[in-house]
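Notes to accompany the following structure.
The values are calculated or read from the model by the stated rules, or taken from the named source; none is laboratory data. Predicted, not measured: the structure shown is a model, and the values here were computed from it. Neighbour counts are summed over all protein chains in view; Cβ atoms, including those assigned to glycine, are modelled from backbone coordinates with ideal geometry. Each accessible area value is taken on the protein alone, full model and side chains, heavy atoms only, with ligands, DNA and RNA left out. Shrake-Rupley method; radii C 1.70, N 1.55, O 1.52, S 1.80 Å.
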Amino acid sequence: MRTSIATVSLSGSLTEKLTAASRAGFDGVEIFENDLLASPLTPEEIRGRCADLGLTIDLYQPMRDIEAVPSDEFGRNLRRARHKFELMRRLGADTVLVCSSVHPLAVDDDALAAYHLRQLADLAQDFGIRVAYEALAWGRHVSTYDHAWRIVEAADHPALGTCLDSFHILSRGSEPKSLEGIADIPGEKIFFLQLADAPLLAMDVLQWSRHYRCFPGQGGFDVADLVRRVLQTGYDGPLSLEVFNDVFRQAEAGPTAVDAHRSLLVLQDAVGVSTPPAPVVPTGVAFAELVTPDAEPISALLGALGFTRTARHRSKPVDLWQQGEARVLVNTAGAARRDGTGLAAIGLESPDPAAAARRAEALLAPVLPRRRALEDAPLDAVEAPDGTELFFCATDRPELPNWRTDFTDVGHESGTPGVMGIDHLALVQPWHHFDEATLFHRSVLGLHAQESVDVADPYGLMRSRAVTNADGSVRIALSVGAAPTDDTVHAQHIALATDDVVGAARRFREAGGRVLPIPGNYYDDLAARYEFADGELETYRELGILYDRDPHGEFRHCYTVTVGRVFFELVQRDGYRGYGAQNAPVRLAAQHAGRPVR
Ligand code: MG
Ligand code: MG
């Protein structure tokens, strides 16, 4: 299907918005009046620019409060409409949006509304223009799509149809019964379909709409169900995104447009009108790769955690540290990075790395060039929205290129490992990429997104949302933090699974490791909330171990101090399914308290 996006959904000048929409692969745009008014380009130049960019102008939005108003007001509306229709002729736009009136003097009179819209459509027809009438959820007298359609039907004019907007419809309720009326509208009378999702919030619908809309798949609405219903009417116009969102307004237009277009590709997949390559769900974490200007502090930390340096890359300054199934690569080729040690890449075990990369590419994920040395295994990799490189790996599968063969053994683990593997990876997202990151991991990697949780931070609020595969062998906690410039606190972390966190923490400390200190008040509160065996709580207090419980089991965990922009967590998960969100405020406060003075 054709895809379109409203210019209001993107930041920047009209030219920047058009360029971003075109580069992201959209077929058309809806132009908002304000974007045109503020542009130095003439309507003819805008038309030419769109043509050069391969974009059609699918809709123009200049008109409000048209119908069911006093007659002198309506006379002025028609005069204004004539000017706008002339402008649209110069633009080459053939559909105009008219939202249901919010005018204080508008009357509750469907016959008058139909009469006014019929007159407007008559005028539009002279210019070869169609009028799409849309019910705003907060319209003064017309606020539902079926009411708007009854008025359009009564007006009975070939140049008048309706515009359906998923936000206005679904914000008023999504019970199947309330959507059944869509099937009564003939497809050729649906002149336009605007799509937006939104998180499920209990707030004033106008504010909800103006600030919190997001792209389909990023919120809580079943946009796919609505689109299926609209397609069943025979609607064959574009799927057009109309998203008012405070974050997208500020974020760079290029990545937002890609995120937006990806949401429509995923939506078309969901409703069955296109079939991109199926997702190849990762089956485990092969490695986490740290890039550091100085290998010494991170090597000391890994050593204290019980890791052994087991192998070295044949052609690059990269060491493999291993403990059980936990593998951490330490790459010192990134010495030029000014921001210190950070998590740069993740290896994900994939049943079919090439197919995983094809899925990613089909959903507009940047596929990374295979920048490896000639003799190295050619690995398929893509870049996540936060810049983390994701490698699709086939460790121990001799028939496929294998990253492990690029490494030469230099040592081996001795004794029983205290760490069994990587429990989860926690990736802090740039503040404007949170919704994009969730959609990316869900759609590109086929991971399941859990509920979003808000966590108190001493200097703001952190939102966090985990994405996982079915058996929990891949868990990524995505978060977006307050104080976005403070990378030492809002750092990435690697959580290591152990079946004995007390033993692991004790060995770590005895090996010279430093556990993040947790205040005594936290343990006093734990004593109030739970009953522990004799001495258990004192052990946790001594070792900085935090505790949580959910209906499925218990969780004990502790944190190392931060090196650069990364820290480790030791976790003992006994049936528990969460990530210790209950304890995160204490952890964040402790990290703020312990950050180096600058
Ligand atoms: Mg709309
Ligand atoms: Mg964690």
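Things worth noting here:
- Whole-Å distance, taken between Cα centres, linking segment 174-205 and segment 381-435: 42
- Built amide H within the under 5 Å cut-off of Gly421, gap 5+: Glu325, Ala326, Ala497
- Gain upon complete extension [Arg514, Thr416; 0.36 nm per residue less C-alpha separation]: 33.1 nm
- The order of the peptides 341-347, 249-255 by mean Cβ neighbours within 10 Å, most packed first, is 341-347, 249-255.
- Residues of segment 5-135: accessible area per residue with a 1.4 Å probe, Å²: 41
- Rounded to 5, percent antiparallel among DSSP beta bridges of the chain: 55
- ³J(HN,Hα), Karplus 6.51/-1.76/1.60, whole Hz, each residue of segment 21-27, x for Gly, Pro: 5, 5, 4, 6, x, 5, 8
- Site pair Asp454 and Glu554 shows an inter-label distance of 3.2 nm when each label is modelled 7 Å from Cα along Cα→Cβ.
- Projected label distance in nm at Glu325 and Gln232, using a 7 Å step from Cα toward the beta-carbon: 4.3
- Computed over segment 39-196, the P(r) curve from all C-alpha pair distances, binned at 10 Å from the origin, holds 11, 40, 34, 14, 2 percent per bin.
- Across all directions, the average flat footprint of the convex hull enclosing the Cα atoms of segment 344-484 is 10.9 nm².
- Crossing angle, helix 434-443 versus the chain [Cα axis fit, 0-90 degrees, rounded to tens]: 80
- Note: segment 183-255, Cα convex hull, 110 Å³ per residue.
- Gained length - Arg64 relative to Glu188, 0.36 nm times residue gap less alpha-carbon distance: 42.3 nm
- Shape annotation for segment 1-63: C-alpha extents along the principal axes are 29, 23, 19 Å, from largest to smallest.
- Label-point separation in nm, Ala202 to Glu180, each point 7 Å along Cα→Cβ: 2.9
- Charge tally in the Cβ shell below 12 Å around Leu570, where Lys, Arg are +1 and Asp, Glu are -1, Leu570 excluded: +1
- Note on Asp122/Glu361: beta-carbon distance plugged into 1/(1 + (r/R0)^6) with R0 of 35 Å gives a FRET efficiency of 0.10.
- Per residue, in Å², the accessible surface of segment 185-241 once ligands and nucleic acids are set aside, probe 1.4 Å: 37
- Rolling a 1.4 Å probe across the protein heavy atoms gives segment 284-409 an accessible surface of 39 Å² per residue.
- A simple count of charges around Ala260, restricted to other residues whose Cβ falls under 14 Å of its Cβ and scoring Lys, Arg +1 and Asp, Glu -1, yields -3.
- Phi-based couplings in Hz for segment 41-53 (Karplus 6.51, -1.76, 1.60; Gly and Pro marked x): 7, 6, x, 5, 5, 5, 4, x, 4, 4, 4, 4, 8
- Summarising the amide proton neighbourhood of Thr56: residues at separation of 5 or more, or on other chains, whose placed amide H is nearer than 5 Å comprise Gly28, Val29.
- Accessible-area composition of the chain, carbon plus sulfur, in percent [1.4 Å probe]: 50
- Estimated vicinal HN-Hα couplings, Hz - segment 531-539 in sequence order (Karplus 6.51, -1.76, 1.60; Gly, Pro = x): 9, 10, 5, 3, x, 4, 5, 4, 5
- Gain upon complete extension [Leu41, Glu296; 0.36 nm per residue less C-alpha separation]: 86.1 nm
- Dimensionless Rg ratio for the chain, taking C-alpha atoms and the 2.2 N^0.38 Å reference: 1.13
- Shape of segment 500-542, Cα gyration tensor, a/c cut at 1.5: oblate
- Computed over the alpha carbons of segment 284-409, Rg followed by Dmax gives 14.4, 43 Å.
- When the alpha carbon coordinates of segment 421-593 are projected onto the principal axes, the ranges are 47, 35, 32 Å, largest first.
- Counting only DSSP beta bridges whose two residues both lie in segment 421-593, roughly 75 percent are antiparallel.
- For segment 271-346, a simple Cβ point-charge model (Lys and Arg +1, Asp and Glu -1, everything else neutral) yields a dipole of about 200 debye relative to the Cα centre.
- Amide H contacts for Arg514 (H built 1.01 Å from N in the peptide plane; partners 5 or more residues away or on another chain; cut-off under 5 Å): Val561.
- Cα centroid separation, segment 56-106 to segment 14-31 (Å): 23
- Spatial separation of Cα centroids for segment 537-598 and segment 212-285, in angstrom: 36
- Over segment 3-270, the Kirkwood radius and the radius of gyration, each from Cα atoms, give a ratio Rg/Rh of 0.94.
- Cα long-axis angle, helix 501-510 against the chain (0 to 90 degrees, to the nearest 10): 60
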